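What follows is a single structure, written as structure tokens, with notes after it.
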Amino acid sequence: MHRRLFLKSVAAAAGALSWRSGLYAAPATDTRFLLVFLRGGYDAANILVPYSSSFYYESRPTLAIAKPDPADSKAVLPLTADWGLHPALKDSLLPLYNQGQAAFIPFAGTDDLTRSHFETQDSIEFAPPLGGHSNYSSGFLNRLAGVLTGAHPVAFTNALPISCKGDVIIPNVSLKGVAKKNFADRQAAILAEMYQNHPLQKYVQEGMETRQDVVQNLAQEMEMASRGAIASQGFASEAQRMGLLMRDKFNLGFVDVGGWDTHFNEGGAEGQLANKMAKLGEGLNVFATTLGGALWQKTVVLVISEFGRTFRENGDKGTDHGHGTVYWLLGGGIKGKQIVGEQLRVEQKMLLENRDYPVLNDYRNIMGGLFQTQFGLSAGQVQTVFPNAKPVQLGLL
């Protein structure tokens with residue numbers, strides 16, 4: 001790693017995780033926002049299932065989730081007369097939905113039609129004006145942090161995502177291995193030698209010490225919060241750590257979760273997608289619990305993906321790159337238990353190019369309206385974050 005890149009990483013980590021230095025005071029507001037980006041394009045049609053559509057079952061002879069049946073544990077969990085939830089989310093997301101703490105926005109996404117993971121992800125994170133040039137100089141979360149008073153943003157990632165790049169300094173730190181020692185002794189010795197007698201030696205050393213300090217502090221607090229229970233694995237463990245840090249240190253967060261590119265052997269009620277969804281749902285539930293009831297009431301979590309997948313299954317019992325997807329909105333104080341936004345009846349003639357969900361709800365307009373309500377943004381501030389956006393109010397906040 002180049003010295004400048006390493007130093008930037010250490011400095012960011014020190015800023016993000018210093019519990020004692022006072023570099024980052026506690027947020028001035030209890031309002032919290034977390035963006036969860038599912039990278040890879042998840043199969044939304046098998047998570048929010050249009051079970052009233054015969055076309056859905058015709059299009060997915062091996063992947064379709066069975067129609068609601070209380071006696072069948074692998075059947076769709078009905079939410080409305082048309083939409084139902086994947087059974088893998090029965091113990092995590094369904095209770096939140098029934099408590100009015102979860103909602104879904106189908107036919108959501110971007111105007112980008114490349115169906116390329118990288119191009120669409122970049123486009124969404126830069127959030128250029130509709131029809132505008134995609135080579136933007138900052139990401140929309142960075143611009144949001146710039147117009148907020150008392151913003152304390154963080155990205156729970158190995159590298160700073162595009163959405164967080166810009167004029168505002170946003171620290172990034174991955175929590176996937178936070179329970180382990182961050183720097184092996186050999187690595188620490190190499191770095192110490194590299195910066196020996198260098199003007200930056202003090203700051204590099206402080207950065208490494210800060211990271212180790214937070215490992216110990218966070219591990220102790222997690223153990224106390226768990227009350228002796230066995231820690232959840234995978235995303236649930238990371239979500240607990242995020243909850244602890246967003247409870248005490250940060251009010252604007254980003255995390256991405258990969259592995260949603262299911263071209264083959266996707267599975268239906270069971271299998272690859274079901275297993276990933278179960279872990280994601282568990283983690284989101286853990287995040288809510290870790291924040292605690294009072295703060296969860298003032299928290300909004302938005303789950304998005306770069307695109308959905310083809311409505312019909314392919315010859316490899318999977319799905320390919322699509323367009324429209326389904327966004328999730330979670331929070332203790334939202335007006336959930338709704339499927340909102342512009343919608344169409346799910347049948348063949350509604351498909352875009354005879355293959356995908358169309359996008360009826362542009363993400364800029366969705367988030368513009370969301371941020372406007374949650375943070376009290378002015379019309380001008382919304383335009384700074386999402387130029388030319390037409391914010392929509394979905395009645396969820």
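What follows is calculated from the coordinates using simple rules that are stated; it is not laboratory data. Just so we're clear, the structure is a prediction, and the values are computed from it rather than from any experiment. Note: ideal-geometry Cβ built from the backbone for every residue, glycine included; neighbour counts use all protein chains shown.
Exposure proxy ranking for Trp328, Trp296, based on other Cβ atoms within 10 angstrom of each Cβ and starting from the fewest, stands as Trp296, Trp328.
Cβ-to-Cβ counts within 10 Å put Phe156, Phe140 in ascending order as Phe156, Phe140, the fewest first.
Exposure proxy shown here: for Ser305, Ser92, Ser237, the number of other Cβ atoms within 10 Å sets the order, fewest to most, as Ser237, Ser92, Ser305.
Taking only the Cα atoms of region 58-101, the radius of gyration and Dmax are 11.1, 33 Å.
Length gained on full extension, Arg355 to Asp91, computed as 0.36 nm times the residue gap minus the Cα-Cα distance: 91.8 nm. Placing unit charges on the Cβ atoms only, positive for Lys and Arg and negative for Asp and Glu, gives region 56-112 a dipole magnitude near 220 debye about its Cα centre. With 30 Å as the limit on Cα-Cα distance, the pairs of Lys165/Lys317; Lys279/Lys335; Lys176/Lys335; Lys249/Lys390; Lys67/Lys390; Lys165/Lys276 that go past it are Lys165/Lys317; Lys176/Lys335; Lys249/Lys390; Lys67/Lys390. Select from Asn361, Gly341, Ser305 the residue farthest towards the positive end of the dipole of region 284-381; place +1 on Cβ of Lys and Arg, -1 on Cβ of Asp and Glu, and compute about the Cα centre. Of the options given, the answer is Gly341. Working note: Karplus 6.51/-1.76/1.60 with θ = phi - 60° gives region 140-148 the couplings 5, 6, 5, 5, 5, 4, x, 9, 8 Hz, where Gly and Pro are set to x.
Does region 245-397 come out rounded, prolate or oblate by the C-alpha gyration tensor, with a ≥ b ≥ c the root eigenvalues, rounded set by a/c under 1.5 and, if not, prolate when a/b is larger than b/c and oblate if not? Oblate is the answer for region 245-397, as a/c is 1.5 or above yet b/c matches or exceeds a/b. Scanning residues 5 or more positions from Tyr327 or on other chains, those with amide H under 5 Å from its amide H are Ile105, Ala108, with H placed 1.01 Å from N in the peptide plane.
Using the average count of surrounding beta-carbon atoms within 10 Å as a protection proxy, the listed peptides 72-83, 284-295 rank, highest first, as 284-295, 72-83. Here the dipole of region 260-379 is about 480 debye; that uses its Cα centre as origin and unit charges on the Cβ of Lys and Arg (positive) and Asp and Glu (negative).
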